[in-house]
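Report on the following structure.
FYI, it's all coordinate maths here, none of it is from the lab. Since we're looking at a predicted model, the values are computed, not measured. No Cβ is skipped: glycine too gets one built from the backbone with ideal geometry, and neighbour counts run over all protein chains shown.
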Amino acid sequence: MIDAPTPMDRALDEARAAAARGEVPVGAVIVERATGLVIAAAGNRTRELSDPTAHAEVLVIRAAAAARASERLGGCDLYVTLEPCAMCAGAISFARLGRVYYGAADPKGGAVDHGVRFFAAATCHHAPDVYGGIGERAAATLLSDFFAARR
């Protein structure tokens, strides 16, 4: 029996595609919890689009919102290969995603379990459940290999 790819496997594929484009290898998918269907997938495109907001999380939220014709993504979960930054955490909160699963921790730029800990702030309107370390080794290896090749 062959195991079906997980949502994090799909996010890792998006991260690999981002790396192949010369982008920092971060990938994300949004899954509809009730059906398990991936409704959107994206990888970083900040360089390609000359857009500092074109992080994988922002792009996948935009695509999922368009697919659902709603700015609210209740009943959906985000899988992302790197701990979200403050900008992405804000977008996740405003989109009302139910759960966030991330791969590699980001002590320097992360804002979920590090830094500002966005979802724990009193001013956060919606805090999803967060699960870190999902596919962590593969995600961390992608990132470290990418940056090692540029040094």
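Given the DSSP H assignment, sum -39500 (n - 2.57) over each helix run of at least 4 residues in the chain and divide by its residue total; what's the result at 222 nm in deg cm²/dmol, nearest 500? Don't skip to the end; give the middle numbers.
Details: 5 runs with 55 residues, N = 151.
Calculated at 222 nm, the ellipticity per residue is -11000 deg cm²/dmol.
Just order 100-113, 36-49 by mean Cβ neighbour count inside 10 Å, highest at the front, would you?
Details: 100-113: 20.4, 36-49: 18.3.
Ranking, from highest mean packing down: 100-113, 36-49.
Given the Cα-Cα distance of Ala69 and Tyr131 and 0.36 nm per residue of separation, how much length would full extension add, in nm? Provide the component values of the computation, followed by the final result.
Working: separation 62, 0.36 × 62 = 22.32 nm, distance 2.71 nm.
Full-extension gain reported as 19.6 nm.
Quick one: pull the percentage of alpha-carbon pairs in segment 1-145 with a separation above 24 Å. Working shown, then result.
Values: 2361 of 10440 pairs.
For segment 1-145, the share of Cα pairs beyond 24 Å comes to 23 percent.
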**Asked** When the chain is treated as a GNM, springs tying every alpha-carbon pair under 10 Å, which of Cys124, Cys88, Cys76 comes out with the largest mean-square fluctuation?
**Response** Cys124
**Request:** Report, by chain and number, residues whose modeled amide H sits under 5 Å from the one on Gly27, excluding near sequence neighbours (fewer than 5 apart, same chain).
**Result:** Ala15, Thr81, Leu82
**Message:** Run the Debye formula on the Cα coordinates of segment 35-92, all scatterers equal and no solvent, and tell me log10 I(q)/I(0) at q = 0.13, 0.16, 0.18 1/Å.
**Reply:** -0.31, -0.48, -0.60
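Just subtract the alpha-carbon distance of Ser50 and Thr35 from 0.36 nm times their residue separation and send over the number in nm, one decimal.
Details: separation 15, 0.36 × 15 = 5.40 nm, distance 3.49 nm.
Extending this stretch completely gives an extra 1.9 nm.
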**Asked** Taking the chain as a Gaussian network, where each spring joins two C-alpha atoms under 10 Å apart, which residue of Glu23, Glu32, Glu71 fluctuates the most?
**Response** Glu71
